[in-house]
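Written below as structure tokens is the structure these notes are about.
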Amino acid sequence: MTEDRTAATAAAPAIRIRGLCKAFGNNRVLHGLDLDIGRGESLAVIGTSGTGKSVLVKNVIGLIRPDSGSIEIDGVETVGLTGSARDRVLATFGVLFQGAALFDSMTVWENVAFGLVHNRGMPRREAREAAIAKLAQVGLGRAQADRYPADLSGGMQKRVGLARAIAAEPQILFFDEPTTGLGPIMGEIINDLIVECVRGLGATALTITHDMASARKIADRIAMIHGGRIIWAGSAGEIEESGNATVDQFIHGRTEGPIRTTVHAA
Amino acid sequence: MNAVASVGRATLNFLAATGRLTLFAGTGAMHCVRPPFHFRLIGRQMIEVGYYSLPVVGLTALFTGMVLALQSYSGFSRFNAESAVAVIVVLSITRELAPVFAGLMVAGRIGAAMAAEIGTMRVTEQIDALTALSTNPFKYLVAPRLIAGTLTLPLCVLAADVIGVFGGYLLAVNKLGFNTSVYLKSTFQYLEVLDVVSGLVKAAVFGFLIALMGCYHGYHSRGGAQGVGTATTNAVVSASVLILAFNYLITEAFFAR
């Protein structure tokens, strides 16, 4: 019930999470979360706010250390990795943060080229051209390259964030609430860009969102997190017939149902 | 019982905070001495800490030197010891006033700026983004600031020494009727290398403390704009208190017989 077994059929999954637990003080956010994401698969994790979607992604990226459990990336255990071993794993990641998290002291192209300059030692001139190519891929022109993030609209910042996430051609992409704070049209544009980028790179993608339209568009498979666990997972087409009351309540946005509060009892 | 419990809780919190700060300082210092170095960032911070602080540090030193000459003259003239004015000015400036005042002014300017910048980066997930781009925030944000603070504040203080003594000289010669050559001669007659060096050592320690407090409070700030505001205040207040405390400790180490 909690796992979808069809995903992990072929090879070792790109991401394999077992028994993940994380608490902040008395607030147990994740307890015993299991999840597999197959290679080249795009999975969306949905759930109400405060259910630990962000905490899940931060654990996988390594921004937070889990209390217990296992996170394997391409078959390699990553919990507890530090230093250059951690850097090697991070080098295969690309992350689009919720607020884009662009470095505001740098220009747009410096943001996009950050990983290329700092990790790969690419000369600045070359990195600038590479960044401009990536910006073109997300629909931004050369003219935007020398502007500062603060001068851009929210949608443009998201595009730059996306360009930065894909700049180093990562194998695994993370999208944290990619459409939050955007209008419906811009949200749709970002969704299209994400699908395009993920397919273009042949990457594995993990998206967390509470926007069902976005989840349906981006993901091959959807998993719902509730009470610190994955309570349902299945292909994006199956979610209407999940037969799960919690899932039904969430996707139809009903106020009555098993989901009572945004934060479950500790 | 409640009073005892709250004392206990406060003690535990204090010890936890001390531990956190010590670990932070240790990690930061380790990244200062271990390559690779981000020379571009270190240079930018040195300009920020040193060059842009010079006007405010210089003005502070100038007026301090002048006030010192005026006050010590009005005091010492009561028992015909006016000749000590030059010595008092140069020793007070180099040993105490230049490093402490420069430290406090730079704490207000730079400590606050560092806490606000790093704090904003924290609450807007920019520090997480750095980590996700496999860049260690200690290496990239903290170490350049610690290095810049430690290396640059002594240079500021050296300038403040000269300007402060010059302030005292200007006032003594122009207002109090001292003879130029006599005043200069007595300025340098009793000045020892240790007087200046102790001031510069203090400056290096203060520079490190200012950058450490700015980075530490910024790095651990949370909760949006208000959190960044609190971090900024804490950075300036804690740096100022630590400067005064370490000033005593270093003075004790250098001059206690």
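When B:98, B:112 are checked against the criterion of being under 30 Å from residue A:111 (Cβ atoms) and either polar (S, T, N, Q) or under 13 Å from the mean Cα position of the chain (by Cα) (or both), a single residue qualifies: B:112. Out of all the residues in region A:59-66, is one or more out of contact with any Ser or Thr (no Cβ under 9 Å at 6 or more places or on another chain), open to solvent by less than 10 Å² (accessible area, probe 1.4 Å) and within 28 Å of residue B:137 (Cα to Cα)? Within region A:59-66, one or more residues are out of contact with any Ser or Thr (no Cβ under 9 Å at 6 or more places or on another chain), open to solvent by less than 10 Å² (accessible area, probe 1.4 Å) and within 28 Å of residue B:137 (Cα to Cα). With respect to (1) among the charged types (D, E, K, R); (2) under 28 Å from residue A:259 (Cα atoms); (3) touching a residue at least 60 places away in the same chain (Cβ under 8 Å), the lone exception for residue A:67 is condition (3). When the residues of region B:40-81 are filtered to those that are farther than 14 Å from residue B:156 by Cβ and of a type in the set (D, E, K, R), the one that is least open to solvent (accessible area, probe 1.4 Å) is B:44. Of the residues making up region A:83-105, those that are within 10 Å of chain B (Cβ to nearest Cβ) and free of Cβ contacts under 8 Å to residues at least 40 places away in the same chain are A:83, A:84, A:86, A:87, A:88, A:89, A:90, A:105.
Considering only residues in region B:115-167 that are of a type in the set (D, E, K, R) and assigned to a helix (DSSP H, G or I), the one that is nearest to the other protein chains (Cβ to nearest Cβ) turns out to be B:128.
Filtered by the rule that a residue be within 14 Å of chain B (Cβ to nearest Cβ) and either over 25 Å from residue A:253 (Cα atoms) or of a type in the set (Ser, Thr, Tyr) (or both), region A:14-69 gives A:24, A:25, A:54, A:58, A:59, A:60, A:61, A:62, A:63, A:64, A:65. Can you find even one residue in region B:224-247 that is outside any helix (DSSP H, G or I) and in contact (Cβ under 8 Å) with a residue 12 or more places away in the chain? No: region B:224-247 contains no residue that is outside any helix (DSSP H, G or I) and in contact (Cβ under 8 Å) with a residue 12 or more places away in the chain. Kindly establish whether residue B:201 is hydrophobic (A, V, I, L, M, F, W, C), in contact with a helix residue (DSSP H, G or I) (Cβ under 6 Å, 6 or more places away or on another chain) and in a helix (DSSP H, G or I). When the stated conditions are applied, residue B:201 does not pass them. Filtering A:173, A:201 for residues that are hydrophobic (A, V, I, L, M, F, W, C), under 18 Å from residue A:15 (Cβ atoms) and open to solvent by 10 Å² or more (accessible area, probe 1.4 Å) leaves a single hit, A:201.
The values are calculated or read from the model by the stated rules, or taken from the named source; none is laboratory data. In this text the structure is predicted, and so the values were computed from the model without any measurement. Cβ coordinates were reconstructed from backbone atoms using ideal geometry, including for glycine residues, and neighbour counts include every protein chain displayed. When the accessible area is computed, the model is the full protein with side chains, heavy atoms only, and any ligands, DNA or RNA have been set aside. Shrake-Rupley method; radii C 1.70, N 1.55, O 1.52, S 1.80 Å.
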